[in-house]
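The values are calculated or read from the model by the stated rules, or taken from the named source; none is laboratory data. Since this is a predicted model, take the numbers as computed values, not measurements. Positions of Cβ are generated from backbone atoms using ideal geometry, with glycine treated the same way; all protein chains shown enter the neighbour counts. Note: areas computed on protein heavy atoms with side chains; ligands, DNA, RNA excluded. Shrake-Rupley method; radii C 1.70, N 1.55, O 1.52, S 1.80 Å.
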Amino acid sequence: MGRRLLAMYYFGVVSLFPEMFDAVTKYGVTRRACEKELIKVEAFNPRDYTLDKFGNVDAKPFGGGPGMLMQYQPLHDAIKVAREHAPSGTKVVCLSPQGKQLDHSLVTKFHSWGSMILIAGRYEGIDERVLQTEVDLEVSIGDYVLSGGELPAMCIIDAVSRLVPGVLGNIQNAYEDTFAQGLLHFPQYTRPEEINGLKVPEVLVSGNHEKIRQWRLQQALGRTYERRPDLLEGRELDKLERKLLKAYKEEHGLN
Ligand code: ADE
């Protein structure tokens, strides 16, 4: 398949620190995705759009309280320009601890959009009217507070890019990853076969592919049961899976 036939995923980012996005555009898998034009990351800095004569983009909150808020006008104008650069109808996501929590199913939904604009706030937050008028969805990456939305925005860019065809050498990787299957990953080993008496599980060097597949499935089920039982709750296990998990529990003295 010719590369030109693959659609490019467009990420617009609105941020006071556009250079931070070098972390995705200049390194690793996402760098190669940019070079191959499988994704595009384009930043817009609200500071370039402020009409304030001192170049300010923040102000004190009405009603008092600590810290500063990002003002409506520079953000609104930066988002407007981002929309002009993005495919028409591109949705706008704002990173915030108040948002819907990011998980694999939300990542697949973003992938299906084909493009998105990410708003990374700084200071103590942004004027609510930006959220009311410009933002389709607020997204959180977890119940803790970061100093800005840039790192969460990069989490989304990285996770979505991995689903774009051609980004991973072997597309299977993305779908075999943790969470795509609703299970945690099985343990993995590479050379050497023994380190300070710690040996690679024998089955992995047996050459028996069916046994290896079953061992890996069993480890994935067992780890998920031990570490993230919530992931198993909504999941119907088939006969083999039930048998493998039962054996895992017995072996590990669980139950
Ligand atoms: N901005 C600050 N903290 C955040 C979080 N946990 N998720 C998304 N955006 C944020």
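Points to keep in mind about this one:
- Residues of region 98-147 that turn out to be free of Cβ contacts under 8 Å to residues at least 40 places away in the same chain and assigned to a strand (DSSP E or B), as a count: 0
- Sole residue being near the ligand (Cβ under 9 Å from one of its atoms), open to solvent by 50 Å² or more (accessible area, probe 1.4 Å) and under 28 Å from Gly234 (Cα atoms), chosen from Gln101, Gln188: Gln101
- Of all residues making up region 85-103, the number that are out of contact with any strand residue (DSSP E or B) (no Cβ under 7 Å at 6 or more places or on another chain) and either among the β-branched types (Val, Ile, Thr) or at pLDDT below 95 (or both): 0
- Val167, sole failed condition from (1) surrounded by 12 or more Cβ atoms within 10 Å (Cβ to Cβ); (2) outside any helix (DSSP H, G or I); (3) within 16 Å of the ligand (Cβ to nearest atom): (3)
- The residue that is surrounded by the most Cβ atoms within 10 Å (Cβ to Cβ), among those in region 122-137 that are within 13 Å of the ligand (Cβ to nearest atom) and more than 18 Å from Arg83 (Cβ to Cβ), is Arg122.
Residue-by-condition table, conditions (1) crowded, with 22+ Cβ neighbours inside 10 Å; (2) within 27 Å of the chain's Cα centre (by Cα); (3) in a strand (DSSP E or B):
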position	(1), (2), (3)
Gly12	yes, yes, yes
Phe21	yes, yes, no
Glu37	no, yes, no
Val41	yes, yes, yes
Leu51	no, no, no
Gly55	no, no, no
Leu75	yes, yes, no
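- Here is the figure for region 138-154: residues that are in contact with a helix residue (DSSP H, G or I) (Cβ under 7 Å, 6 or more places away or on another chain) and near the ligand (Cβ under 6 Å from one of its atoms) total 2.
- Scoring Arg216 on the criteria (1) surrounded by 15 or more Cβ atoms within 10 Å (Cβ to Cβ); (2) modelled with pLDDT of 95 or more; (3) at positive phi leaves a single failure, condition (3).
- Within region 84-97, being surrounded by fewer than 18 Cβ atoms within 10 Å (Cβ to Cβ), in contact (Cβ under 8 Å) with a residue 40 or more places away in the chain and not in a loop (DSSP other than H, G, I, E, B) holds for His85, Lys91, Pro97.
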